[in-house]
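Each remark here refers to the structure printed beneath this line.
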Amino acid sequence: MDDATRKKLVDQLVKRLAGMWDLYGKKILNEEILGRQLFQLVSTRDAWLLACSVTDDEREARRLLMRLHDPEAWRSDSSESEEKRRSLLEKRLIRAFIDLSPPEEKTLETIIDTACLPHFVGFVRDRFGAREAPKSSGGRVKVLD
């Protein structure tokens, strides 16, 4: 993806995040609705194009940083049932959104990175379509998993 296209996609998505931030700040959106809206955002074609534009090495580095940042949450999230992980995804998206306010490119990257974590990516990938989702690592089991 060229830089101009990437910038256009980022600007559009950050603008949507800013709109959500305004509505959340005015108490029009509660956390439940905000979580659903953030899930809808990371399930869009534009968000997946951004996710796919990241190299495999960079995606792996981001995943490891997120795991190192909060290993207890990683362990508990990855060991939950599918139904529980679906609701946890929205909670993690909300936390990333609120912690990195006001919305900017870093917020967008963190939200997309959260959705691309191995224990969450299936929900978003299945919703958007597996053919354009970031590639999984296959059947190999890594020491860090």
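The values are calculated or read from the model by the stated rules, or taken from the named source; none is laboratory data. Since this is a predicted model, take the numbers as computed values, not measurements. Positions of Cβ are backbone-derived with ideal geometry, glycine not excepted, and every protein chain shown enters the neighbour counts. In case anyone asks, the SASA skips ligands and DNA or RNA and just uses the protein heavy atoms, side chains included. Shrake-Rupley method; radii C 1.70, N 1.55, O 1.52, S 1.80 Å.
Computed quantities for the displayed model
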| quantity | calculated |
| --- | --- |
| Residue within region 99-112 that is free of Cβ contacts under 8 Å to residues at least 12 places away in the same chain and not in a helix (DSSP H, G or I) present | yes |
| Within region 1-83, helices (runs of 4 or more DSSP H) holding 1 or more residues that are modelled with pLDDT of 90 or more and surrounded by 15 or more Cβ atoms within 10 Å (Cβ to Cβ) | 3-25, 31-42, 45-53 |
| Residues that are at pLDDT 90 or above, closer than 18 Å to THR44 by Cβ and either open to solvent by 60 Å² or more (accessible area, probe 1.4 Å) or in contact with a Cys (Cβ under 7 Å, 6 or more places away or on another chain) (or both), drawn from region 105-127 | GLU105 |
